Amino acid sequence: MNHFNTIRSCIRNSNDAQLKKELEHMKFGEVLSILNKLQDQDQAKVFDALNEYTAIKAFKVLSFKTRQDLIRGMHHEKAARLLNAIPDDDRTAFLEELPSRTVNELIKLLSPAERSITLQLLGYKEGTVGRLMTPHYVAVKKDWTVQQVFDFIKLHGQNSETVNVIYVVDDNGVLIDDIRIREFLFVEPSKKVSEVMDNKFLNLVVTDRQKDVIEIFQKNNRFALPVTDEKGVLIGIVTIDDVLRLAETENTREIQKIGGSEALDEPYTQISFVNLIKKRAGWLIILFLGEMLTATAMGHFEGEISRAVVLSLFIPLIISSGGNSGSQASSIIIRAMALGEVKFSSWWYVMRKEIVSGLTLGIILGIVGFLRIFLWQSFHFYNYGQHWLLIATTVAFALLGVVLWGTLAGSMLPLALKRVGADPAASSAPFVATLVDVTGLIIYFSVAFLIMHGTLL
């Protein structure tokens, strides 16, 4: 807090020299924390006072809105230096979120070399690995010695995104192996690269989907992966920092979709009111129309409700229990699918497991529902009439049926939607809610008719 007050005092007093001095003695985490606390104009002043290394490092991790505001508020020379200095993949990720007109203006600030790279990366289809990669890497030949590799790294490695992995290519630039730097550290300098190679490598293709990259990195525990074109020519690499950023974005989108809305695609605090309504209204309308079927179902059982009004007391309980069990199962299966743990071919395994789970959970809730009516009747909290035992039994068995059905529907729907090409995360929540609500009523009143026929019904 003392650092923050000092920085703010320097800004208010326009003491630029003191501001730079204070920032130089602060840790990066403290600088970042102060930037996030300040208003737009003050953020720009602090950013201008940072040395180039810290400014680049901070720009990479600040929110998109903050970066956008900073670029707009900078002098052209400062903006040009910053955009030319940040890694190509980070620059591409920033530019692809901006309007086309703004992108065109910013690209003019780049050096010819960086402009060429940026235009090349932006030229790849959105959502592909081409937009995620960087063309800065270290590539060597198999007939080089280890000493030649080290000499090459000293000369050219500074511009590489990482030197943790060295890539081996043939005379045509085709990738033939990737070798971790540690493998070179423990062999004689005179040894040939071909003697260190094992000819086993994992690569991405430039047209691969970005979503698939997350799973590949997770399963293979890699820091970086090479990117080739369709002919196997090495054209770039993707590093773990970009994959982590991508994973965070994808997870945010999936969570928002599971809630029954479109993905916002921008921070909640920055999205406009109109866009927020657009993202949420569509599914709400679909849900509303679907829930009209609930009213239709209740109208079908109007006679039963009029003869046994007490049954209507438990309608919210029955419907919500089914919806909750369905939402639980749906969320678990969607996440398992995202992690690659469950595929459509696993549907029978999932069904068997969820039948047992649904029965167990239904029995537990059925017992709780039965005890609720029993205790309220016994302690005279509420009088359910002379047929209270039948009512308690009806509620118990209805809960068993509804929870079992909700669990099955919630687990099977994501798999079925994935099979037909729909997005499970976006569709499962609304479909499960509507399906379980309507069918829950049918199960409830069907059980009630079987148990209470000849008494209240």
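The numbered conditions (1) modelled with pLDDT under 90; (2) within 18 Å of Thr207 (Cα to Cα); (3) not β-branched (Val, Ile, Thr) are all true for Glu250 except (2).
Being in contact with a Leu (Cβ under 9 Å, 6 or more places away or on another chain), assigned to a helix (DSSP H, G or I), open to solvent by 50 Å² or more (accessible area, probe 1.4 Å) and within 21 Å of Val403 (Cβ to Cβ) is the requirement here; does Ile363 meet it? Walk me through it before giving the result.
Details: in contact with a Leu (Cβ under 9 Å, 6 or more places away or on another chain): yes; assigned to a helix (DSSP H, G or I): yes; open to solvent by 50 Å² or more (accessible area, probe 1.4 Å): yes; within 21 Å of Val403 (Cβ to Cβ): yes.
Against the criterion (in contact with a Leu (Cβ under 9 Å, 6 or more places away or on another chain), assigned to a helix (DSSP H, G or I), open to solvent by 50 Å² or more (accessible area, probe 1.4 Å) and within 21 Å of Val403 (Cβ to Cβ)), Ile363 qualifies.
Taking the condition hydroxyl-bearing (Ser, Thr, Tyr) and either farther than 18 Å from Leu371 by Cβ or open to solvent by less than 20 Å² (accessible area, probe 1.4 Å) (or both), does Thr434 pass? Quick ask: steps written out before the conclusion?
Values: hydroxyl-bearing (Ser, Thr, Tyr): yes; either farther than 18 Å from Leu371 by Cβ or open to solvent by less than 20 Å² (accessible area, probe 1.4 Å) (or both): yes.
Criteria met by Thr434.
Test Glu126 against the criterion of being under 30 Å from Gln210 (Cα atoms) and open to solvent by 30 Å² or more (accessible area, probe 1.4 Å), and give yes or no. Considered against the rule, which asks whether it is under 30 Å from Gln210 (Cα atoms) and open to solvent by 30 Å² or more (accessible area, probe 1.4 Å), Glu126 comes out as yes.
Go through (1) free of Cβ contacts under 8 Å to residues at least 60 places away in the same chain; (2) open to solvent by 40 Å² or more (accessible area, probe 1.4 Å); (3) touching a helix residue (DSSP H, G or I) at 6+ places or on another chain (Cβ under 9 Å) and name the single condition Ser116 misses. In the conditions (1) free of Cβ contacts under 8 Å to residues at least 60 places away in the same chain; (2) open to solvent by 40 Å² or more (accessible area, probe 1.4 Å); (3) touching a helix residue (DSSP H, G or I) at 6+ places or on another chain (Cβ under 9 Å), Ser116 misses (3) alone. Every condition in (1) open to solvent by less than 20 Å² (accessible area, probe 1.4 Å); (2) closer than 17 Å to Val129 by Cβ; (3) of a type outside the set (D, E, K, R) is met by Phe184 except one, and the failing one is (2).
Of all residues in region 330-359, those that are over 19 Å from Val432 (Cβ atoms) have Cβ atoms under 6 Å from Cβ atoms of residues that are at pLDDT below 95 and open to solvent by less than 60 Å² (accessible area, probe 1.4 Å), 6 or more apart or on another chain, in Gly340/Glu215. Scoring Ser160 on the criteria (1) at pLDDT below 90; (2) open to solvent by 60 Å² or more (accessible area, probe 1.4 Å) leaves a single failure, condition (2). For region 221-242, filtered to residues that are in contact with a strand residue (DSSP E or B) (Cβ under 9 Å, 6 or more places away or on another chain) and in a helix (DSSP H, G or I), the residue that is most open to solvent (accessible area, probe 1.4 Å) is Ile240. Among the candidates Ile258, Ile286, Ile271, the residue that is over 30 Å from Val436 (Cβ atoms) and either at pLDDT below 85 or touching a Phe, Trp or Tyr at 6+ places or on another chain (Cβ under 6 Å) (or both) is uniquely Ile271. Scanning region 163-177 for residues that are among the hydrophobic types (A, V, I, L, M, F, W, C) and either surrounded by fewer than 16 Cβ atoms within 10 Å (Cβ to Cβ) or in contact (Cβ under 8 Å) with a residue 40 or more places away in the chain (or both) gives Val163, Val165, Val169, Val174, Leu175.
The lone criterion from (1) acidic (Asp, Glu); (2) surrounded by 14 or more Cβ atoms within 10 Å (Cβ to Cβ); (3) more than 30 Å from Ala247 (Cα to Cα) left unmet by Asp89 is number (3). Among the residues of region 321-352, the ones that are open to solvent by 20 Å² or more (accessible area, probe 1.4 Å) and either in a helix (DSSP H, G or I) or of a type in the set (D, E, K, R) (or both) come to 18 in all.
The values are calculated or read from the model by the stated rules, or taken from the named source; none is laboratory data. Given the structure is predicted, the values throughout are model-derived calculations rather than measurements. Positions of Cβ are generated from backbone atoms using ideal geometry, with glycine treated the same way; all protein chains shown enter the neighbour counts. These accessible areas exclude ligands, DNA and RNA; they are computed on the full protein's heavy atoms, side chains included. Shrake-Rupley method; radii C 1.70, N 1.55, O 1.52, S 1.80 Å.
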